[in-house]
1. Can Ala292 be described as outside any strand (DSSP E or B), in contact (Cβ under 8 Å) with a residue 40 or more places away in the chain, small (Gly, Ala, Ser) and under 30 Å from Glu124 (Cα atoms)?
2. Return only the number of the condition from (1) among the aliphatic types (A, V, I, L, M); (2) out of contact with any strand residue (DSSP E or B) (no Cβ under 9 Å at 6 or more places or on another chain); (3) modelled with pLDDT of 90 or more that Leu78 does not satisfy.
3. Do any residues in region 32-53 that are under 17 Å from Ser20 (Cβ atoms) have Cβ atoms under 8 Å from those of residues that are aromatic (Phe, Trp, Tyr) and assigned to a helix (DSSP H, G or I), where the two are at least six apart or on different chains, and which pairs are they?
4. Return the residues of region 114-171 that are at pLDDT 90 or above, farther than 25 Å from Gly289 by Cβ and outside any strand (DSSP E or B); say none if nothing qualifies.
5. Could you figure out which of (1) touching a helix residue (DSSP H, G or I) at 6+ places or on another chain (Cβ under 6 Å); (2) loosely packed, with under 12 Cβ neighbours inside 10 Å isn't true of Val13?
6. Quick check on Asp216: is it without any contact (Cβ under 8 Å) to a residue 12 or more places away in the chain and surrounded by 13 or more Cβ atoms within 10 Å (Cβ to Cβ)?
7. Regarding Gly29, is this residue small (Gly, Ala, Ser), surrounded by 13 or more Cβ atoms within 10 Å (Cβ to Cβ) and assigned by TED's automatic domain parsing to the domain that holds Gln79?
Amino acid sequence: MRRLPLGAMEAFVAVARCGSLAEAAPGIGLTVPALSRRIGQIEAHLGTPLFRRLPRGLALTEAGAAYHAALAPAWEALQQATEAARHRAQRQAIRLSVMPSFAANWLMPRLAGFQTRHGDIEVEIETSAALVELRARPELDCAIRLGHGPWPGLASEPFLPVHAVPVAGPGFPDMRRPQDLLRHPLIGTHHQAEFWQDWFAAAGVAPAPAGGRRFDNLQLVYEAAAAGMGVALGLDSVVQPYLAGGRLRPLLPAPLRLSRQFHLVSRPGRGPRDRGLAAFREWLREEAGAFAASAGLARGASLGAEN
């Protein structure tokens, strides 16, 4: 198959649209003589005249009109595809791994604000209840982890503290003391089995119970608690939709701060997407600060009602 003379085809479309060499030449960055030569090339390639030379401009021949009718839409599609590819190459993309419940209940409701502020930075989210090893996943730029930190070989910074309160379905009885919880089934996740121990330690209850029913992720834990299967530990940044919807309610008045926090984790020595990651980190800090402030006011109101 003969190679397509793309430069000459571009020249033909431009001249056919303008009806003049002088008007078409600046639009494709050619001089009039160079543009005329390209028209000659496409006519020689096709073996037929495409234009009739008039005293003032050019007019399409019958063959030229038929060729333009077929070529112009395809040429427009090529231009659009090329522009879209160029635009995608210029966009920043941040690929983030995060636990499903935090992504659904805290991150996603806020992410539109980031996209509004940074329209050229796209955040691609991968959810996983398991701890993703960034050093083995070069396509991921960062992760949000819940734990103590730091993690070996990774750069990490805490951005959101965690306060927790026992929660259960609407029909569950109130608790007067943390010790009262020990009479009821405690629900947690397989990968965060120590969270209840962390909470009981903060509440001054020792030794903390280690047993309890386990599920794959916090979303299932809260669904189980809402269904009356026991008491779950409500992390303030994740459980809020369940409390707001009335499917769960706190069993004690005051949330306690856990020793674990949410961290933004990335590989040290970042590459070409540094600007996007820096913008995302700054936005994450702002959102976390606003959430912590509003949650603090809510906790203060709750405590004030009890005193």
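1. Details: outside any strand (DSSP E or B): yes; in contact (Cβ under 8 Å) with a residue 40 or more places away in the chain: yes; small (Gly, Ala, Ser): yes; under 30 Å from Glu124 (Cα atoms): yes.
Taking the combined requirement at face value, the residue satisfies it.
2. Here Leu78 clears every test but (3).
3. Hits for this filter: Arg38/Phe12; Ile39/Phe12; Ile42/Phe12; Leu50/Phe12; Leu50/Tyr67.
4. Gly169, Pro170
5. The one condition Val13 does not meet is (2).
6. Values: without any contact (Cβ under 8 Å) to a residue 12 or more places away in the chain: no; surrounded by 13 or more Cβ atoms within 10 Å (Cβ to Cβ): yes.
Considered against the rule, which asks whether it is without any contact (Cβ under 8 Å) to a residue 12 or more places away in the chain and surrounded by 13 or more Cβ atoms within 10 Å (Cβ to Cβ), Asp216 comes out as no.
7. no
Residue by residue, here is whether (1) free of Cβ contacts under 8 Å to residues at least 40 places away in the same chain; (2) within 27 Å of Met108 (Cβ to Cβ); (3) aliphatic (A, V, I, L, M) holds:
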position: Leu140; (1), (2), (3): no, yes, yes
position: Arg145; (1), (2), (3): no, yes, no
position: Pro152; (1), (2), (3): yes, no, no
position: Ala155; (1), (2), (3): no, yes, yes
position: Pro161; (1), (2), (3): no, yes, no
position: Val165; (1), (2), (3): no, yes, yes
position: Gly169; (1), (2), (3): no, yes, no
position: Asp174; (1), (2), (3): no, no, no
position: Asp198; (1), (2), (3): no, yes, no
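The values are calculated or read from the model by the stated rules, or taken from the named source; none is laboratory data. Note that this is a predicted model, so its numbers are computed, not measured. Counting neighbours? That spans all protein chains shown, and the Cβs are built from the backbone with ideal geometry, glycine included.
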